[in-house]
Every structure is written in C-alpha cells, then in structure tokens.
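Below you'll find the structure, written out as structure tokens, and then a few comments.
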Amino acid sequence: MSNSQVTGWSTHPLSELIDRKFTGPSPTCEERQIAAAEEWGLLKTTAVTWSGWNENAHKVPPRLYWGKEALEVHQGDVLITKAGPRHRVGVVVLVAATRPHLMVSGKMVGLRPKTAMVVPKVLAGLLSTDAAQDYLNSRTTGMAESQTNFADEALLRIEVDVPPLSEQRRIAKILDTLDDQIHATRQIIAKLELIRRGMLDRMFLQSTDERPEHDLSEFLVKIDAGWSPECYERAPAAGAWGVLKVSAVSTGKYRQEESKTLPPGLPARPALEVKDGDVLCVRANGVGDLVGRVAFVESTRSGLMLSDKTLRLVPKSSVNGFYLSLLLSSPPLRRQIESLMGGSSSQKNISQAQIRRLSVAIPELSEQNRAASMVKAVDSRLNAEIEAARKQEQSKLGLMSDLLTGRVRVPLETAL
C-alpha cells in the first residue's frame, strides 16, 4: 500500500484487494442454455458487457467440466474479459445477482473482492477508469487486433486509488440509484420489445386470413446489386462517398455509420446510392444466420453506396417498403431463406433468383400501411427509451469517473 494523491485515499495493487482470482477452460460446448438443475454453463464473453451482466450468455460444456465449484461465479464477483478483439478485452462487469452453476471461461478472469477493503461495485468501477483501462490496453498483445489478450499477472499489478470504506459505501449507494433508473428504463424497453414482437406475430404468424401466396418477384420492380471497391476502413466524412459494410444491414436495423470511405480519384456510382425508403438485404456473409437479413432505410446521409454483398429490393407501388422489410424478417420467411441458402462453409449466400422465388402473402396496400404505422409508432417510443437509457448510462459513466478519481468527493458527514 502507498499514499494516494487523493487526500484520505490509499493506493493498492489489485492483488491486495481480492481474495482470489480464477479463470476457466474453453472446451467445445453445446450452443444452448442450461436446461436441467444438474447442468453447468460456461460463460460467453458476451455475458460481460459495459451495459451490464448477462447470465443468459452461456453455453453448456461437456459433463466432465460440470461441478467445478472453484470456477463458479457468485454474487458480488467482478469479471473482466481477457481475450478476443481488442475492443472487447478489458471489459468489466459486477455480478449483481446470478443463477447457480455458471463458470468462467478461459477468455475471462473472475475476481472475488476482499470486502473488508473494497466494495465490489467500487472495485468494478475502479477497473473501468481510464487509468486502469489504459494500463491494461498497453499490456494487451496479439498477432492481430482481432486476437488479443493480456496476462493475469499484468491485471493483478494494476494499481488503483481506493477511498475509505465509508466513502466507498456512499459512492456505491449513489451508483445504485443511477443503476435503478437505468434498470427501470430497460424494463420499459423490454415491454415495448414484447409489444412489438406480439404485433409482428399477429401480422405474420397468427393471421387467419387465407391470402393466396405468390412469388416475391410479382411484388418487385427490380433488385439492384452493389459494388465493393478497395476502400479506406473508416466512415466517410460529410460530402464524401462511401460503401456500406454488411454490418450496416445485418442487424435488421440500418446503420449508416457502418461504412467505408471511397478512395479519392475513384469515381462514385450514383446509381448505387442508398436513399430514404430503400429496402436492403444481405446477399452474402461468412455467418449464415446473417444472410438474407433485411433493413429498411428510414433516413440516410447522402453518398453511401451498396456493396456487392448487399442488394436493394425495389417494391412496386402496391407494396409498402417498411411492411416488406418486416415480412422478410418474419420467422416463416427466415425459414424459407435458410432453406435456399447456398455457398461454402466459409461464405454463405442467396441469389437474386432465389429471393424472387420466395413465397409471400401480401395484403392490400391500405392494410400494409395500417400495420406499418402501428409498428412505427412502437418503434418511435422504443427508440426514445433506448436514447434515454444511453444518456442515463453516459451520465452514470461521467459521475462514476468523477467519484472514483476523487474529482468529486462525497461529503464525509453523509458517508455511511
């Protein structure tokens, strides 16, 4: 221990603040969640996110790994990712609560805080500060940015400035209040998502309307293919031309920031520019589940072109583009797309001809418009709540940084 630059605080290496460190195996697992009381789950790195702990992000390892209690995650543990793409290494989360029989994998480190010295929530926050993250990032190495890691010894040597326990508890109480607000907003988001799924189920799964089915080609004017020149791996500046990445479409929501910059001197192809109201589809991808994913372009900046791994479906005037995007994302259409998909194990694809042969039942335009308006109304509320949650999380991060670096002190007379 040494004196901190913050009056009344002390500096400790992480090793002095934990009772134990633990990391697990990384065997081949079944891609499913725990289904029986005796089963154990191995955490995926997606269980550890800056947005919080997700106990559902696990898979089931072979039986011989079950029962390893030394690797089991408990309430109050702090987890940190240690291997993967650089932007996913060093992510910290507090396990506020958890189901039993979940254990860490070899891509993360579990820390059991020494509660006589540090409040678990405060320890997670201290490891999330810029200083701690910069320290870890400087000691993270790998053959490529997509395959990086750090040594456990480097993690244990991180030095953090620790407030007295009374001040820690007050800080934790403040952070708990912010977390409660964020949780309440997320509950609203979850309810809206449930409402949206129910609406889509009624539209595409539970309808008793015996509409005749037709090939999708009967409802399309044309399908536009894209272009993939060599580009700079950065989003284009305002006024510059760029090409969309597959990730601009593959989530089912249009993301214009997922684009690359067209090099100077290479002429753009204005006919491929994406416009408001376009219906975009993933033609090819290494991950089969992303092939055929559809996104509706509500609005977009100018100068972004289709890539050769994406397509633009141009519907006839009798078809609402947003409704079409919902229909093509529905489970029945996804099953059709997956059955038609071809390509190799490393690159799956679907052809324009196969897309044209998809069997669809589309109601009159007035009914399409009514259904689209209902979903858009929910989407508007959903987007507003998502933005509110984002602002709440940013506010929490800013205040947490101030509290855990001593820039803002909790009044001692109110400390618990």
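Of all residue pairs spaced 6 or more apart or on separate chains, those with beta-carbon atoms under 9 Å, a first member in the stretch 1-16 that is modelled with pLDDT under 80 and a second member that is of a type in the set (Phe, Trp, Tyr) are Asn3/Trp9. Evaluation of Ser366 against the conditions (1) at pLDDT 95 or above; (2) touching an Asp or Glu at 6+ places or on another chain (Cβ under 6 Å) shows that the sole unmet condition is (2). Step by step: first the residues of the stretch 387-404, then only those that are surrounded by fewer than 18 Cβ atoms within 10 Å (Cβ to Cβ) and more than 18 Å from Asp180 (Cβ to Cβ), then the one that is farthest from the chain's Cα centre (by Cα). Which residue is that? Step by step, filter the stretch 387-404, then rank; the result is Asp402. Note on the stretch 140-228: enclosed strands (runs of 3 or more DSSP E) holding 1 or more residues that are surrounded by 17 or more Cβ atoms within 10 Å (Cβ to Cβ) and aliphatic (A, V, I, L, M) are 159-162, 220-225.
Applying the selection to the stretch 27-39, what residues are surrounded by 14 or more Cβ atoms within 10 Å (Cβ to Cβ) and either small (Gly, Ala, Ser) or under 21 Å from Ala83 (Cβ atoms) (or both)? Result: Cys29, single match. So for the stretch 281-292 (the condition being at pLDDT 95 or above, surrounded by fewer than 17 Cβ atoms within 10 Å (Cβ to Cβ), assigned to a loop (DSSP other than H, G, I, E, B) and among the small types (Gly, Ala, Ser)), does at least one residue qualify? No: the stretch 281-292 contains no residue that is at pLDDT 95 or above, surrounded by fewer than 17 Cβ atoms within 10 Å (Cβ to Cβ), assigned to a loop (DSSP other than H, G, I, E, B) and among the small types (Gly, Ala, Ser).
For the stretch 120-135, a residue qualifies if it is buried (at least 23 other Cβ atoms within 10 Å of the Cβ) and more than 22 Å from the chain's Cα centre (by Cα), and the qualifying residues are Val122, Leu123, Leu126. For Ser259, are the conditions met, namely being buried (at least 19 other Cβ atoms within 10 Å of the Cβ) and assigned by TED's automatic domain parsing to the domain that holds Ser318? Yes, satisfied.
Table: residues versus (1) assigned by TED's automatic domain parsing to the domain that holds Thr28; (2) among the polar types (S, T, N, Q); (3) without any contact (Cβ under 8 Å) to a residue 40 or more places away in the chain.
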site: Leu126; (1), (2), (3): yes, no, no
site: Arg139; (1), (2), (3): yes, no, yes
site: Met143; (1), (2), (3): yes, no, yes
site: Gln147; (1), (2), (3): yes, yes, no
site: Leu155; (1), (2), (3): yes, no, no
site: Arg169; (1), (2), (3): no, no, no
site: Ile174; (1), (2), (3): no, no, no
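Total residues in the stretch 17-67 satisfying the condition of being under 13 Å from Lys107 (Cα atoms) and either free of Cβ contacts under 8 Å to residues at least 12 places away in the same chain or not assigned by TED's automatic domain parsing to the domain that holds Asp77 (or both): the figure is 1.
The values are calculated or read from the model by the stated rules, or taken from the named source; none is laboratory data. Just so you know, these numbers come straight off a predicted model, no measurement behind them. Cβ: placed from backbone, ideal geometry, glycine included. Neighbour counts: every protein chain shown.
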